[in-house]
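> A single structure is presented below for examination.
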Amino acid sequence: MASIFCCFRGCASFLDLGFATPTVPTKKQPVIALDQQQIGQEVVLVKDGTRICGTGGALGNTAIMQDKAYFEVRLQQSGVWGIGLGSEKADLNVIPMGNDADSWVMCSDGYLRHNKEEMHRITQLPQEGDTIGVSYNHIELNFYLNGQKLDCPFTNVRGQVHPAVYVDDGAVLDIVFENFVRDPPPGFDKIMLEQSLLET
């Protein structure tokens, strides 16, 4: 009897007799990317929401809730662009961002803009292929060029904010929320989804 059972079990592995355990679909884990619902009218998002081109701005699909968050942007193609933070009220159709009270951005011309003011100016402008890091701890918003801190922080960021980028004039940016090229500053980590914060 044991040999018949063993033979049947061996054959059943080659034939679908209806005894196989059904495959349970795995639930796709949400990922942080640029939000298709929070983009300018002439913006194009590709590569699963990690590349922006066209004209206008986009926000990340989650607000920054943790104490110390970091993300990177790779300048794939030059043009007019900006990188920083914005609230859901930020005007994503106006270039450059930073001309309202709801966005804080470092722009391709070297100016850091917020609420129609030029808050700082960097002298070393990012070039194609460069990586711009962004750290935010609810006190300061800092920028890094290829791992070097630019020492021109925003200290007036208020409210619930998301990662924000804008492009124009042929610029192409890739936004990176994990697997960074550069190490985040000490104590900073990738942005976590709100759900992740509740589970920890």
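All of the numbers you see were taken from the coordinates with simple rules; none came from a lab. As the structure is a prediction and not an experimental result, all values here were calculated from the model. Here the Cβ positions follow ideal geometry from the backbone for every residue, glycine too, while neighbour counts run over all protein chains shown.
> Return, ordered by residue number, the residues of segment 35-57 whose backbone nitrogen is under 20 Å from a label point located 7 Å along Cα→Cβ of Asp169.
Inside the label zone: 40-44, 52-57.
> For segment 42-121, which trypsin sites (Lys or Arg not before Pro) are in a loop by DSSP, counting at most 15 other Cβ atoms within 10 Å?
Answer by residue number: Lys47, Lys89, Lys116.
> Would you kindly derive the ³J(HN,Hα) couplings of segment 168-185 from the backbone phi angles with the Karplus curve 6.51 cos²θ - 1.76 cosθ + 1.60 (θ = phi - 60°), listing them in order in whole Hz, with x for Gly and Pro?
Computed from phi, the couplings for segment 168-185 are 6, 6, x, 5, 10, 10, 10, 9, 10, 9, 7, 6, 6, 6, 10, 5, x, x Hz.
> Which shape class applies to segment 34-190: rounded if a/c is under 1.5, otherwise prolate when a/b exceeds b/c and oblate if not, where a ≥ b ≥ c are the square roots of the Cα gyration tensor eigenvalues?
The shape class here is rounded.
> Given segment 56-200, what percent of its DSSP beta bridges are antiparallel, to the nearest 5?
The antiparallel proportion sits near 95 percent.
> Loop only by DSSP, 11 or fewer other Cβ within 10 Å of the Cβ. Give me the trypsin sites (Lys or Arg not before Pro) in segment 132-200 that pass, ordered by residue number.
Here the sparse-neighbourhood loop sites are Arg158.
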